[in-house]
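This report concerns only the one structure given below.
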Amino acid sequence: MTTNDRGPEGGEHVEIVEVGPRDGLQNESTVLSVEDRIELIDRAVAAGVRRIEAVSFVNPKRVPQMAGAEEVMAGVRREPGVSFIGLALNRRGLDRALTAGVSEVNVAVPATDGFCVRNQGSTVEEMLHALADMDKALQGTGVPLSVTVSTAFGCPFDGEVAPERVAEVVRRIAETSAAEIALADTIGVGVPAQVRELLRLTAQAAPGRTLRCHFHNTRNTGYANALAAVEEGVRVLDSSLGGFGGCPFAPAATGNIGTEDLLYLLHRSGLRTGVSSSEAAALGGWMGERLAKSPPAYLGRAGNFPA
C-alpha cells in the first residue's frame, strides 16, 4: 500500500458514491446472489467508502439483478457514518425503501421523454409529479432525498438534449427538498465542455444544492468529464468498482467510470477521498471473478504508482 493510497493527507476531500452494487450489476447477464452483494457492500465499506448505492427497489421481473433488495439491506453491516442509498422510481419503491431501512433515497428523473417512457413507464412531467409525491411522503422520516437527472448529456432515443431542457428539469427538482442533485451521462456521450456548461446552468437553477456527477466511460470520456466536474467545484462523484455498469433500457450504455481508476486520478491530482485505491482495485477483480469477465477498469492490471 502506498502512502497516498487514500489520497494525500491534507488534500481537499472528494466524496465517492459507490454505485457498483446497483448500477454496476443491473445490466450484467450474471446475477449475483444476495450473499455476494452483501459481501461486495461490506468490503467497499472496509475500503473506506462512506456512501453506497446499495439497492434498487424496482420490479424484479424487469431487472432481475436487483431482486432481493430487502434481504441485502437486512444483511449489510451497519456502521456509524456509512450511508446506504436505495433507488426508488415510484411511491411503491419508496415505501419498500423506507421499510427496508435505507439511509437515503435517490430518485431518477430523466431529462427526456424517450428514455423516461422506456425506463420508467412515464413522461418526464409525470415523473416530476411522482417525485413531488415521494418528497411529501419523506417529510418527517429523517431520510434525505437526492435526485439524479438521467440522460442529461444525451438520450439514446431522443438524441441531443438541450442544456435549457436540463436546467428546467433541475429547476423543477429544486422545488422539492432534494439536498443533492446529480447530473448523469447515462450513455457516456458527454465531453468536458458540456460538463462545464451543464454544471453552471444547474448551479443557477438550483442554488444552494449539492451537485453530484455520474459518468459512464462508453466513449472513453468519462474520466476527463470527472476531472472537468471537479475543476468546476463538484465534490461528489459516482463510480463503480471494476468499471462495471450500464442500463438495461439504454442501448450501448456500457460501464461506469471505475472507482479504482477514478481514485488514482483524484489522488494523483492532490485530492483525498479516504477510499483505498488498492483495496478498490482488488474488489473490482473480485467482482470480475464472480461476473466471469475482466473488469473494464485498469488499475487492477497496471497497479498503483509508485508501487
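Summary of values
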| quantity | calculated |
| --- | --- |
| Pairs, first more than 24 Å from Val82 (Cβ to Cβ) and touching a residue at least 40 places away in the same chain (Cβ under 8 Å) in segment 275-294, second of a type in the set (Gly, Ala, Ser) and surrounded by fewer than 17 Cβ atoms within 10 Å (Cβ to Cβ), C-beta under 8 Å, six or more apart | Gly288/Ser294 |
| Enumeration of residues in segment 246-260 that are open to solvent by 10 Å² or more (accessible area, probe 1.4 Å) and either farther than 15 Å from Ala152 by Cα or assigned to a helix (DSSP H, G or I) (or both) | Pro248, Phe249, Pro251, Ala252, Thr254, Gly255 |
| Residues within segment 156-172 that are charged (D, E, K, R) and not in a helix (DSSP H, G or I), tallied | 2 |
| Test for Pro80: is it open to solvent by 10 Å² or more (accessible area, probe 1.4 Å) and under 20 Å from the mean Cα position of the chain (by Cα) | no |
| Neighbours by Cβ (under 8 Å, 6+ apart or cross-chain): first from segment 94-120, charged (D, E, K, R); second in a helix (DSSP H, G or I) and surrounded by fewer than 18 Cβ atoms within 10 Å (Cβ to Cβ) | Asp95/Ala137; Arg96/Glu70 |
| Matching residues in segment 23-45 - criterion: being in contact with a helix residue (DSSP H, G or I) (Cβ under 7 Å, 6 or more places away or on another chain) and either aliphatic (A, V, I, L, M) or open to solvent by 30 Å² or more (accessible area, probe 1.4 Å) (or both) | Leu25, Thr30, Val31, Leu32, Val34, Asp36, Ile38, Leu40, Ile41, Arg43, Ala44 |
| Count - residues of segment 110-155 that are open to solvent by 40 Å² or more (accessible area, probe 1.4 Å), at pLDDT 95 or above and in a loop (DSSP other than H, G, I, E, B) | 6 |
| Failed criterion for Ile187 (all others in (1) open to solvent by less than 10 Å² (accessible area, probe 1.4 Å); (2) touching a residue at least 60 places away in the same chain (Cβ under 8 Å) hold) | (1) |
| Residue in segment 277-298 that is among the aliphatic types (A, V, I, L, M), farther than 23 Å from Pro64 by Cα and open to solvent by 20 Å² or more (accessible area, probe 1.4 Å) present | yes |
| Whichever residue in segment 203-237 is of a type in the set (Ser, Thr, Tyr) and out of contact with any helix residue (DSSP H, G or I) (no Cβ under 9 Å at 6 or more places or on another chain) and, among such residues, is nearest to Ala108 (Cα to Cα) | Thr210 |
| Only listed residue being buried (at least 24 other Cβ atoms within 10 Å of the Cβ), touching a strand residue (DSSP E or B) at 6+ places or on another chain (Cβ under 8 Å), part of a helix (DSSP H, G or I) and of a type in the set (Gly, Ala, Ser), chosen from Ala178, Ala182, Ala203, Ala229 | Ala229 |
| Hits in segment 191-224 (condition: under 22 Å from Ser240 (Cα atoms) and among the charged types (D, E, K, R)) | Arg212, Arg219 |
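Quick grid of which residues meet (1) out of contact with any Gly (no Cβ under 9 Å at 6 or more places or on another chain); (2) free of Cβ contacts under 8 Å to residues at least 12 places away in the same chain; (3) assigned to a loop (DSSP other than H, G, I, E, B); (4) basic (Lys, Arg):
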position: Gly7; (1), (2), (3), (4): no, no, yes, no
position: Ile16; (1), (2), (3), (4): no, no, no, no
position: Arg22; (1), (2), (3), (4): no, no, no, yes
position: Ala54; (1), (2), (3), (4): no, no, no, no
position: Arg77; (1), (2), (3), (4): yes, no, yes, yes
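For (1) under 22 Å from Gln139 (Cβ atoms); (2) aliphatic (A, V, I, L, M), each residue gets a yes or a no:
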residue: Glu164; (1), (2): no, no
residue: Ala174; (1), (2): yes, yes
residue: Ser177; (1), (2): yes, no
residue: Ala182; (1), (2): yes, yes
residue: Thr186; (1), (2): no, no
residue: Val191; (1), (2): no, yes
residue: Glu197; (1), (2): no, no
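Quick grid of which residues meet (1) modelled with pLDDT of 95 or more; (2) surrounded by fewer than 18 Cβ atoms within 10 Å (Cβ to Cβ):
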residue	(1), (2)
Arg62	no, yes
Ala88	yes, no
Arg91	yes, yes
Glu104	yes, no
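Residue-by-condition table, conditions (1) modelled with pLDDT of 95 or more; (2) under 16 Å from Leu211 (Cβ atoms); (3) of a type in the set (Asp, Glu):
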| residue | (1), (2), (3) |
| --- | --- |
| Leu227 | yes, yes, no |
| Glu231 | yes, yes, yes |
| Gly246 | no, no, no |
| Pro251 | no, no, no |
| Asp261 | yes, no, yes |
| Tyr264 | yes, no, no |
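The values are calculated or read from the model by the stated rules, or taken from the named source; none is laboratory data. What you are looking at is a predicted structure, and each value in this text was computed from that prediction instead of being measured. In this analysis, Cβ positions are derived from the backbone assuming ideal geometry, glycine residues included, and neighbour counts consider all displayed protein chains. The accessibility values were calculated without ligands, DNA or RNA, using every heavy atom of the protein model including side chains. Shrake-Rupley method; radii C 1.70, N 1.55, O 1.52, S 1.80 Å.
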